[in-house]
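The structure appears below as structure tokens.
The values are calculated or read from the model by the stated rules, or taken from the named source; none is laboratory data. The structure presented is a predicted model; accordingly, all values stated were derived computationally and were not measured. Heads up, the Cβs are rebuilt from the backbone with ideal geometry, glycines too, and the neighbour counts pull from every protein chain shown.
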Amino acid sequence: MGKLFSKENCEVFSNPLNLNNPIAVQVLGICSALAVTSQLEPAIVMGLSVTVITAFSNVIISLIRKSIPNRIRIIVQLVVVAALVTIVSQILKAFAYDVSVQLSVYVGLIITNCILMGRLEAFAMMNGPWESFLDGIGNGLGYALILVIVGFVRELLGFGTLLGFQIVPDFCYENGYMNNGMMTMPAMSLIIVGCVIWAHRSINKEEK
Amino acid sequence: MKALRNYLDKIKPNFEEGGKLHAFQSLFDGLETFAFVPRTTSRVGSVNIHDAVDSKRLISFVIIALLPALLFGMYNVGYQNALAAGQLEQATFWGMFWYGFLAVLPKIIVSYVVGLGIEFTVAQWKHEEIQEGFLASGILIPMIVPVTTPLWMLAIAVAFSVILAKEIFGGTGMNIFNPALVTRAFLFFSYPSVMTGDSTVWVNQQSILGLGFTAPEAYTAATPLGQAAADGFAGFDCQTIQNAIIGLIPGSIGETSVIAIGLGALLLLWTGVASWKIMCSVFVGGGLMGYLMQVLGLTQIEWWHHFVLGGFAFGAVFMATDPVTAARTETGKYFYGLLIGIVAVMVRVMNPGYPEGMMLAILLMNLFAPLIDYCVVERNISMRAKRAIKK
């Protein structure tokens, strides 16, 4: 047990959450971060889906990493990811149909998410299943974290709601407050991601 | 003036390193150099271009050039208000002017307080001198928004544009986009219902401090361009065009009067602050495109009507010529201006969603200005290289 949660393994898990965040530091997976974050709920679902897919594809690839011929490894990785994406997509359609309609093609497009292939190539091909699992969970949650921050800001300012519940009270609207329409556009989410990266870098300046 | 100088000298030590008011040093410095030419001289060994007119004085010319349009805009705000209430006969000239003054003044104050507040904070934080670029933007911003824009929206938009369009690029002189236009673009895309032409936003319908009139019922006044877009570009009658030249039409505060803008343009050209190449080529580009559109039958608007309607003249004179965001090479200025005119008229005629294209055209060409300069410089280099090889 002590070995499972050794210091190295903890770092494998916690680094992607902050110091090596896939969006804020590696600047991967930006497209989906812009596309699905206009509201909080799809952002959370998208983050969780990516976490699950990254974790399990990492584990699977790590298990078979020694038997994959080096030349066709990308194809093998893609097949694994595609299978997992299809499973997640079907589960969403079955149990959370509204969200899967909102996410539309972006669930299917998880297969092209740079974070997945990046983790498979950089980590799962060289490490054991348990470390790869932690790495996948960590990277997925790091991605989800940024998505939730962006989704939170955009839904609050763009619609005045969070998870569909109205947050901005009625008397604000009666006194002339208006929702910011630009927050619902993808252009603004790029600016918010930029601000998140800005804040992240100025907080972590000393640690580098 | 002498007394002010003495007073400033007396309080100056407080603001220097170690003084008790050191936190406000940049504020003091900004105000001192605004009132007086700085006494410090450049260090020996550095290369500088000297001019009697520094950038604070340069921007003062821009503000003076904006005054006719601003004052007329105030009058027009009162005029539109009286027209909306149907009380035009009872309204006096000064009554209408003071009404407009009271309507516009809070916007100017908000724009300056927010914008300069951020600039002073950043300057103090980075231990830099205050940069004066916002003096012009601060007065341009209220002039390019509708008179009914709520003040809190204006404050947010100004903060957005000063931080994200200016300070993160490195402050005055480093920005890619014109901060005043970014403010307007932010308002335009964030709060479209208070920024576009088909509603009641262009005319202030409440009386202020007893001045002006409260319109008996909600009065809908579209800008002529907005009206034209709604009618499928049916063209304008003589009366509308005459009013548009004088400026008695609904519109953003400073943009309506071509005559007042023309006065400002003359001052800017005479003092050499604005480039005549950009200014003229914007009109040439807009005219060419407008003529083409008219010949192709896409619109009924006469080619020169584009000049007097909406923000075309204001944008050409005060926005496109902003030396920071425009093309810097002399040849590049022609292309830059031409493309602004062409794109502005294209957006107006071909895009039903945006009856006004000037803002978008200038912002787009701001983005391309460095590329234009690059091409001009590269072409010059290759031409000279060829000439050298020939001989």
Going residue by residue through region A:125-138, is there one that turns out to be in a helix (DSSP H, G or I), touching a strand residue (DSSP E or B) at 6+ places or on another chain (Cβ under 9 Å), in contact (Cβ under 8 Å) with a residue 40 or more places away in the chain and away from chain B (no Cβ under 14 Å)? no
One residue is enough: does region B:212-220 have a residue meeting the conditions modelled with pLDDT of 75 or more, closer than 28 Å to B:Ala84 by Cα and more than 11 Å from chain A (Cβ to nearest Cβ)? no
Residue count for region A:64-98, restricted to those that are of a type in the set (Gly, Ala, Ser) and touching a Leu at 6+ places or on another chain (Cβ under 7 Å): 0
The conditions are (1) modelled with pLDDT of 85 or more; (2) more than 18 Å from A:His200 (Cβ to Cβ), and A:Met1 fails exactly one of them. Which is it? (1)
For the structure I just gave you, tell me whether A:Ala83 is surrounded by fewer than 21 Cβ atoms within 10 Å (Cβ to Cβ), of a type in the set (Gly, Ala, Ser) and either assigned to a loop (DSSP other than H, G, I, E, B) or over 15 Å from the mean Cα position of the chain (by Cα) (or both). yes
Considering only region B:139-148, I want to know if a residue exists there that is of a type in the set (A, V, I, L, M, F, W, C) and within 14 Å of chain A (Cβ to nearest Cβ). no
Out of curiosity, is A:Gly176 small (Gly, Ala, Ser) and outside any helix (DSSP H, G or I)? yes
Tally time: how many residues in region B:295-320 are more than 18 Å from B:Ala185 (Cα to Cα), in contact (Cβ under 8 Å) with a residue 12 or more places away in the chain and assigned to a loop (DSSP other than H, G, I, E, B)? 8
Considering only region B:91-112, how many residues are part of a helix (DSSP H, G or I) and without any contact (Cβ under 8 Å) to a residue 12 or more places away in the chain? 3
So, B:Ala84, is that one in contact with a strand residue (DSSP E or B) (Cβ under 7 Å, 6 or more places away or on another chain) and either within 30 Å of B:Thr325 (Cα to Cα) or buried (at least 18 other Cβ atoms within 10 Å of the Cβ) (or both) or not? no
Can you find a residue in region A:20-34 that is modelled with pLDDT of 85 or more, part of a helix (DSSP H, G or I) and buried (at least 17 other Cβ atoms within 10 Å of the Cβ)? no
Away from chain B (no Cβ under 14 Å) and over 30 Å from A:His200 (Cβ atoms), is that true of A:Val85? no
When region A:160-188 is examined, which residues are found to be surrounded by 17 or more Cβ atoms within 10 Å (Cβ to Cβ) and away from every other protein chain (no Cβ under 13 Å)? A:Gly160
With surrounded by fewer than 19 Cβ atoms within 10 Å (Cβ to Cβ) and either in contact with a Lys or Arg (Cβ under 8 Å, 6 or more places away or on another chain) or not hydrophobic (A, V, I, L, M, F, W, C) (or both) as the only criterion, which of B:Gly247, B:Gly262, B:Gly285, B:Gly251 stands out? B:Gly262
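Of all residues being of a type in the set (Val, Ile, Thr) and more than 18 Å from B:Gly247 (Cα to Cα) in region B:288-321, which is surrounded by the most Cβ atoms within 10 Å (Cβ to Cβ)? Just the residue, please.
At the first step, the residues of region B:288-321 found to be of a type in the set (Val, Ile, Thr) are B:295, B:299, B:301, B:308, B:317, B:321.
Right, trim to more than 18 Å from B:Gly247 (Cα to Cα) and you get B:295, B:299, B:301, B:321.
Values: B:Val295: 9, B:Thr299: 21, B:Ile301: 22, B:Thr321: 25.
By that ranking, first place goes to B:Thr321.
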Picked from region B:149-176 (must be within 13 Å of chain A (Cβ to nearest Cβ) and either in a loop (DSSP other than H, G, I, E, B) or touching a Ser or Thr at 6+ places or on another chain (Cβ under 6 Å) (or both)), the residue surrounded by the most Cβ atoms within 10 Å (Cβ to Cβ) is B:Ser161
Could you please let me know if A:Val76 is within 19 Å of A:Leu147 (Cα to Cα) and touching a helix residue (DSSP H, G or I) at 6+ places or on another chain (Cβ under 8 Å)? no
